[in-house]
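Reviewing the structure listed below.
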Amino acid sequence: MTTNDSSMANGILYGVSVGPGDPELITLKGLRSLQQAPVVAFPRGIQDKPGIAQQIIAPWLRSDQQQLPLDFPYVQDIEVLTKAWQLAAKQVWEYLQKGQDVAFACEGDISFYSTFTYLAQTLQQMYPAAVINYVPGVCSPMAAASALGLPLTVRQERLVVLPAIYNVNELESILDWAEVVVLMKVSSVYEQVWQVLQRKSLLQHSWIVERATLPNMVIYKDLSDRPHLQLPYFSLLVVQVSRQ
């Protein structure tokens, strides 16, 4: 059998963007991909609790679909992460090689700071015959802007999106030229970020959105009197530099 024939016999891995939290923000294409797959994978939650992606898709799954939780540890150790990605790829391949499609539910968008990126890359490295389809969706900055009732950008504004945990030292210089800044997962560095925004006189033009679009979403407007906040992991900060 040729490689092409083998590929055709294998199942397809669908990376399905399921949005930031509200189950109704899944696209029609994403929902169809999710519901048609016999196997649905997602990141395993912490301490046996359902993860965000699992909670988002719960209303849409059929009782006869196989659910496949995969472990993606919250660490920065590349060796530990690589082993986790390889194990997850192996688990997914076990279904694909039997001709079963697998839909991987990814919170937000699959191409935007996504766990799915590492799974897909590792799968293709380990199993070159693997076929992967990507279904885009709503990512958290867009969801946060909608929750705030603000345009994320207007005219020729320059937008910068930063994973805040890695880039606090760069923030001050970026605020000198960017017109809109979004800091992802800002919780662990919030106090340092607050000090930078204070020096730049930007606290009144900054917003925090916790758990965008979920029922327990929280919004903080004007951070002037909030130097200390206990924020959850999924917290996002928007700074409008040019609209002072």
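Each value in this text was obtained by applying a stated rule to the coordinates, not by laboratory testing. These figures come from a predicted structure and were not determined experimentally. All Cβ positions, glycine included, derive from the backbone under ideal geometry; neighbour counts span all protein chains shown.
Overall dimensions of the chain, expressed as equivalent-ellipsoid semi-axes from the Cα gyration tensor (√(5λ), whole Å, largest first), are 37, 18, 17. The HN-Hα couplings worked out from phi for the stretch 36-53 by the Karplus form 6.51 cos²θ - 1.76 cosθ + 1.60 (θ = phi - 60°) are 7, 6, x, 10, 10, 9, 6, x, 5, x, 8, 6, 6, 8, x, x, 4, 4 Hz, whole numbers, x standing for Gly and Pro. Backbone amide hydrogens, once placed in the peptide plane, bring residue 102 within less than 5 Å of 12, 13, 14, excluding anything fewer than 5 places away on its chain. Around the amide H of residue 68, modelled in the peptide plane, lie the amide H atoms of 40, 41, 42, all under 5 Å away and 5 or more residues distant in sequence or on another chain. Axis of helix 115-126 versus longest Cα principal axis of the chain: the two differ by about 40°, to the nearest ten degrees. Here the stretch 140-240 was treated as a single set of alpha-carbon atoms; its pair distances binned every 5 Å from 0 give 2, 13, 28, 27, 21, 7, 2, 0 percent. Among 149, 51, 21, the largest mean-square fluctuation in a Gaussian network model of the chain (Cα springs under 10 Å) belongs to 149.
At full extension, residue 71 and residue 177 could sit 34.2 nm farther apart than now, given 0.36 nm per residue minus the alpha carbon distance. On a 30 Å Cα-Cα criterion, which of the cross-link pairs 83/185; 29/221; 49/200; 83/221 come out too long? Check vs 30 Å cut-off fails for 29/221; 49/200; 83/221. Under a model in which nothing but the beta-carbon of Lys, Arg (+1) and Asp, Glu (-1) is charged, the stretch 3-135 shows a dipole of about 180 debye around its Cα centre. Between the helical axis of 78-96 and the longest alpha-carbon principal axis of the chain there is an angle of about 40 degrees.
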